[in-house]
């Protein structure tokens, strides 16, 4: 059997064993993201991504299925999405128990109160520091990969995750501060 793509610019044929491998990995990782999101916020009240929130569960599943079907033939972005989705799922599971315990409305209120009380400079610094440290691991993987597919893709996924955490965390903080006045 062909070992499959090994460099970042290679594609796989739709319907090939590698296509189905990437499709399975994409479906599983996106499924983990969906499950963790559902566990944390079944009504999507706490969903940070406004596009995902607007799509809702049904259309979100349709769009994600389409994305998985397309990306399965393009290994580099597939590995990046797999990595990012698994990390997002892990981050969601970290707080899902608290969101479920308090309830979505009470959790939103509680976290909003904490953000309103927080020193904004410290909050922004902590979010950026967390993201830069995560992105640094990704950058090391990218720069040491010698354009080998898997380490480059995982590194890219780490950098994408760090960017998403920065963007959505700062967006949530901004919303809370705007609401608090």
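Coordinate-derived values only; no laboratory data. Since the structure is predicted, the reported quantities are computational estimates derived from the model, not experimental observations. As a convention, Cβ positions derive from the backbone with ideal geometry for all residues, glycine included, and neighbour counts pool all protein chains shown.
How compact and how long is the range 1-86, expressed as Rg and Dmax of its alpha-carbon atoms in Å?
Rg then Dmax for the range 1-86, in Å: 14.3, 47.
How high is the relative contact order of the range 17-180, in percent, counting Cα pairs under 8 Å that sit 6 or more residues apart?
That works out to 28 percent.
Compute the separation of the alpha-carbon centres of the range 69-86 and the range 111-126 and state it in Å as a whole number.
What the calculation gives is 33 Å, centre to centre.
Using a Gaussian network model of the chain with C-alpha springs under 10 Å, which one of 116, 160, 78 is most mobile by mean-square fluctuation?
Result for the chain, Cα springs under 10 Å: 116 fluctuates most.
Under the rule of -39500 (n - 2.57) per DSSP H run of 4 or more residues, summed and divided by the residues of the chain, what mean residue ellipticity at 222 nm is obtained, to the nearest 500 deg cm²/dmol?
It comes out at -28500 deg cm²/dmol, rounded to the nearest 500.
Per-residue counts of other Cβ atoms within 10 Å, averaged by peptide: what ranking do you get for 87-93, 10-16, highest first?
87-93, 10-16
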